[in-house]
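Structure, as structure tokens:
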Amino acid sequence: MSKKSALDTLAAENLHDLPASLLLDRSAELVRARNRLDAELARTVRAADVVQAPEHDGLKTMRSWLRGHARLSPAAAGQLVRNGRVLEQLPAVAAAFADGQVTAEQVAVIAPVAATEVQAEAVGQGVDLAVVDATLAGVAATQMHARLGRVVQHFLARLDPDGPEPDPTESRMLTFFRHLDGSVTGRFELDAVAGEKVQAALESIVQADRPAGDRRTRAQQLGDAIVQWADMGLASGDLPVLRTVKLHVIVTIPLADLATPSTGPAAGSTGFGATLSAARARARWLACDGTSPA
């Protein structure tokens, strides 16, 4: 039976007829099957990378090929290429991955151990890399995901206990992505201390605002807390001066759109390029507390 027909057979099954126990068994089997496919994909991508196969398609790297032809995100393409390299350095992890016991995400967590400089340092210190490989494979196959990360960090710290203390600010980052409707999503990374500070600040706001019958999810509460944090900072006037004036939200609204009672679209634009809809009254909300330029 071909892979396609096997998947077609699975897709045709009526899951509503299956009892809970069989649904759980099916889920476990599918996860293992996906892991095995991910392992074979990583192995194939590595082989293509080694022979510089993308050059036959007019591209320089497997990352660019995966982004263009497989439509993977840059992060996903990079992880897939790195995972392929990990499998070459850690055969026990590779075997567990191929058997479906280990996930692609776990291989990515293990990846720092397979770095060339780490492997060289381990050999120089007489570390038995086969034992490390087997240990990591065992932890990945039997322990919770967070436990694997701690084991990897412990190994790296033991390998270089006297290494230079990294500057925590170097790993901090925050990126925003603006969508067509003006909404914003983002991604951030913080070191342990900075993360504690941010979580403490947000938690103080969340705990101070717990109305009866609050049905917001935890994620929604934290989202509201971030906005309230910004509101308090802007209202306090204590934020650093930006371009000779105190920080504020800039909105440009045509007078006709501001005055008319209708709710037409695209009533205002912000200083960071968002378009605010009058239909949702967003522009007018800000205008209520605003001042006009001289």
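The values are calculated or read from the model by the stated rules, or taken from the named source; none is laboratory data. Everything numeric here is computed off the predicted structure, so don't read it as measured data. Every residue, glycine among them, receives a Cβ derived from its backbone with ideal geometry; neighbour counts consider all protein chains shown.
Of R46, R26, R63, which residue is part of a helix (DSSP H, G or I), surrounded by 14 or more Cβ atoms within 10 Å (Cβ to Cβ) and in contact (Cβ under 8 Å) with a residue 24 or more places away in the chain? Walk me through how you get there before you give the answer.
Details: R26 fails: in contact (Cβ under 8 Å) with a residue 24 or more places away in the chain; R63 fails: in contact (Cβ under 8 Å) with a residue 24 or more places away in the chain.
Unique residue meeting the criteria: R46.
It is to be established whether one or more residues within the stretch 19-31 are among the polar types (S, T, N, Q) and either modelled with pLDDT of 90 or more or touching a strand residue (DSSP E or B) at 6+ places or on another chain (Cβ under 9 Å) (or both).
The initial filter retains those residues of the stretch 19-31 that are among the polar types (S, T, N, Q), namely 21, 27.
Then keep just the ones that are either modelled with pLDDT of 90 or more or touching a strand residue (DSSP E or B) at 6+ places or on another chain (Cβ under 9 Å) (or both); that gives 21, 27.
Checked against the condition, which is being among the polar types (S, T, N, Q) and either modelled with pLDDT of 90 or more or touching a strand residue (DSSP E or B) at 6+ places or on another chain (Cβ under 9 Å) (or both), the stretch 19-31 yields at least one hit.
Does A230 count as under 23 Å from F176 (Cα atoms) and not charged (D, E, K, R)? Before the answer, list the steps.
Values: under 23 Å from F176 (Cα atoms): yes; not charged (D, E, K, R): yes.
Judged against the criteria, A230 is a match.
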Within the stretch 80-103, identify whether any single residue is at pLDDT below 95, of a type in the set (F, W, Y) and surrounded by 13 or more Cβ atoms within 10 Å (Cβ to Cβ), and answer yes or no.
no
In the stretch 180-208, what residues are assigned to a loop (DSSP other than H, G, I, E, B) and surrounded by 13 or more Cβ atoms within 10 Å (Cβ to Cβ)?
G182, L190, D191
Leading residue by the ranking (nearest to the chain's Cα centre (by Cα)) among those in the stretch 220-231 that are closer than 15 Å to V184 by Cα and small (G, A, S)
G223
Of the conditions (1) assigned to a helix (DSSP H, G or I); (2) within 18 Å of R46 (Cβ to Cβ); (3) not hydroxyl-bearing (S, T, Y), A122 clears all except one; give me its number.
(2)
G195 vs. criteria within 30 Å of A75 (Cα to Cα) and at pLDDT 80 or above
yes
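The rows are residues; the columns are (1) modelled with pLDDT under 90; (2) within 29 Å of E170 (Cα to Cα).
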| position | (1), (2) |
| --- | --- |
| S183 | yes, yes |
| R187 | yes, yes |
| D191 | yes, yes |
| L202 | no, yes |
| I205 | no, yes |
| D209 | yes, no |
| L222 | no, yes |
| W229 | yes, yes |
